[in-house]
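Asks: If you scroll down you'll find the structure; I have some questions about it.
The values are calculated or read from the model by the stated rules, or taken from the named source; none is laboratory data. Predicted model only: the values in this text are computed from it and were never measured. All Cβ positions, even for glycine, are placed from backbone atoms using ideal geometry, and neighbour counts span all protein chains on display. These area figures cover heavy atoms from the full protein model, side chains too; ligands, DNA and RNA do not enter into them. Shrake-Rupley method; radii C 1.70, N 1.55, O 1.52, S 1.80 Å.
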Protein chains: 2
Amino acid sequence: MEVEAKFPYVEGVEEKVREIAELIIEKYEHDVYFAHPCRDFAQTDEAIRIRRDVEGITLTYKGPKVDAETKSREEIKLKVEDFESARRILEKLGFKPVAEVKKFRKIYGFGDAIICVDKVEDLGKFVEIEIEAENLDVKEKVFHIAEQLGYSREDSIRESYLELILQKKSRKDSSKNGQKS
Amino acid sequence: MEVEAKFPYVEGVEEKVREIAELIIEKYEHDVYFAHPCRDFAQTDEAIRIRRDVEGITLTYKGPKVDAETKSREEIKLKVEDFESARRILEKLGFKPVAEVKKFRKIYGFGDAIICVDKVEDLGKFVEIEIEAENLDVKEKVFHIAEQLGYSREDSIRESYLELILQKKSRKDSSKNGQKS
């Protein structure tokens with residue numbers, strides 16, 4: 001599973017990241033998320049997406065979040081050969097594209113953890129700290145790294161980028177409807 | 001789409017295949033088919049499967065058959081990196097494994113057509129003739145090749161191996177139930 005916490009970007013944090021961690025890769029990630037044909041992923045807290053980046057195309061299933069303080073969850077990743085065929089198969093099976101997340105991501109390595117500094121289109125900048133592990137035991141390690149960067153555990157944002165994008169969209173839609181009425 | 005016809009194997013047919021076509025590859029194919037979480041594929045005449053063979057792992061969607069005489073249908077193929085992750089993602093999304101098809105396949109090339117001589121576990125031997133094309137226009141070409149191998153169009157078997165396996169299984173189950181009552 002991915003034991004993972006997200007924090008709002010604050011001025012100067014990336015300098016702190018650079019002090020303790022080493023840049024592994026900078027890349028642009030383009031994710032398309034899909035709705036399930038007969039299951040409400042907003043209710044079940046799951047997600048399925050296709051990611052396209054410089055390393056290739058990946059189909060990812062995300063299970064429900066398993067922790068109250070972090071966005072830790074099971075993730076199953078599958079490298080696939082071709083974005084279009086993956087999209088067409090999902091759509092033929094009744095999955096419908098619901099949102100896209102586009103971000104510029106800098107991934108820093110720090111021991112067995114990675115620290116991502118993300119600039120997300122329409123959402124702004126964030127810092128994610130992630131350790132791939134068998135269980136939640138490493139959560140305190142994640143919060144300890146966060147502390148070194150100046151964050152407290154209360155700063156943790158549990159929502160995924162998908163959820164933040166959908167929230168923003170729904171606020172926009174309701175304010176539009178408000179203007180209409 | 002795959003414009004494709006299947007025929008029962010008859011004694012001596014492989015010699016005829018070898019006279020007109022050239023062996024491309026011999027391989028063992030292991031397919032796992034899945035049921036959709038909320039759509040009856042037996043009704044919609046669709047299928048989703050993961051194939052494992054010497055060339056790798058392929059996720060394939062098959063659309064409904066589009067022709068009364070052949071098993072021609074749309075197929076979308078996606079090479080994936082890993083069988084287990086593909087299976088786990090499908091199962092997490094609610095797809096359930098329903099049947100396996102295991103066969104030893106010899107693929108012969110004949111112009112833009114391929115001729116497969118298949119030995120299918122639990123079903124026996126068959127010959128499939130297939131042309132990948134934009135539409136059904138090449139159907140007569142498929143039947144012409146079949147004729148060269150001694151088949152008439154009435155010999156064409158429209159059922160997929162999956163359907164034949166499921167039919168056999170259901171006959172077995174009902175005879176078992178018959179014995180019980």
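Asks: Scan the range B:61-81 and tell me whether some residue there is more than 19 Å from the chain's Cα centre (by Cα) and among the charged types (D, E, K, R).
Replies: So in the range B:61-81, the residues more than 19 Å from the chain's Cα centre (by Cα) come out as B:80-81.
Filter again for among the charged types (D, E, K, R), leaving B:81.
Yes, the range B:61-81 contains at least one residue that is more than 19 Å from the chain's Cα centre (by Cα) and among the charged types (D, E, K, R).
Asks: Looking at A:141, A:119, A:176 in this structure, which one is over 27 Å from residue A:44 (Cβ atoms), open to solvent by 30 Å² or more (accessible area, probe 1.4 Å) and within 17 Å of the chain's Cα centre (by Cα)? Please lay out each step first, then the result.
Replies: Details: A:141 fails: within 17 Å of the chain's Cα centre (by Cα); A:176 fails: within 17 Å of the chain's Cα centre (by Cα).
Result of the check over A:141, A:119, A:176: A:119.
Asks: Taking the range B:75-88 only, how many residues are outside any loop (DSSP other than H, G, I, E, B), surrounded by fewer than 18 Cβ atoms within 10 Å (Cβ to Cβ) and within 8 Å of another protein chain (Cβ to nearest Cβ)? Let's see the steps before the verdict.
Replies: Applying the first criterion (outside any loop (DSSP other than H, G, I, E, B)) to the range B:75-88 yields B:75-80, B:83-88.
Narrowing further to those that are surrounded by fewer than 18 Cβ atoms within 10 Å (Cβ to Cβ): B:75, B:77, B:79, B:84, B:88.
Still in the running and within 8 Å of another protein chain (Cβ to nearest Cβ): B:77, B:79, B:88.
Selection size over the range B:75-88: 3.
Asks: What is the one condition in (1) over 17 Å from residue B:161 (Cα atoms); (2) more than 14 Å from chain A (Cβ to nearest Cβ); (3) within 14 Å of the chain's Cα centre (by Cα); (4) of a type in the set (A, V, I, L, M) that residue B:17 does not satisfy?
Replies: (3)
Asks: May I pose another question? Condition first: among the hydroxyl-bearing types (Ser, Thr, Tyr), open to solvent by 20 Å² or more (accessible area, probe 1.4 Å) and more than 22 Å from residue B:85 (Cβ to Cβ). Now tell me which residues in the range B:24-74 satisfy that.
Replies: The answer is B:44, and nothing else.
Asks: List, please: which pairs have Cβ atoms under 7 Å, are six or more places apart or on different chains, and start with a residue in the range B:21-42 that is within 14 Å of chain A (Cβ to nearest Cβ) and end with one that is in a loop (DSSP other than H, G, I, E, B) and surrounded by fewer than 16 Cβ atoms within 10 Å (Cβ to Cβ)?
Replies: If the second residue must be in a loop (DSSP other than H, G, I, E, B) and surrounded by fewer than 16 Cβ atoms within 10 Å (Cβ to Cβ), the pairs left are B:37/A:38; B:37/B:94; B:38/A:38; B:39/A:94.
Asks: Look at residue B:27 and say whether it is among the basic types (Lys, Arg) and farther than 18 Å from residue B:147 by Cβ.
Replies: Numbers: among the basic types (Lys, Arg): yes; farther than 18 Å from residue B:147 by Cβ: yes.
When the stated conditions are applied, residue B:27 passes them.
Asks: Let me ask something additional. Among the strands (runs of 3 or more DSSP E) confined wholly to the range A:89-181, which include 3 or more residues that are under 18 Å from residue A:19 (Cα atoms) and acidic (Asp, Glu)?
Replies: none
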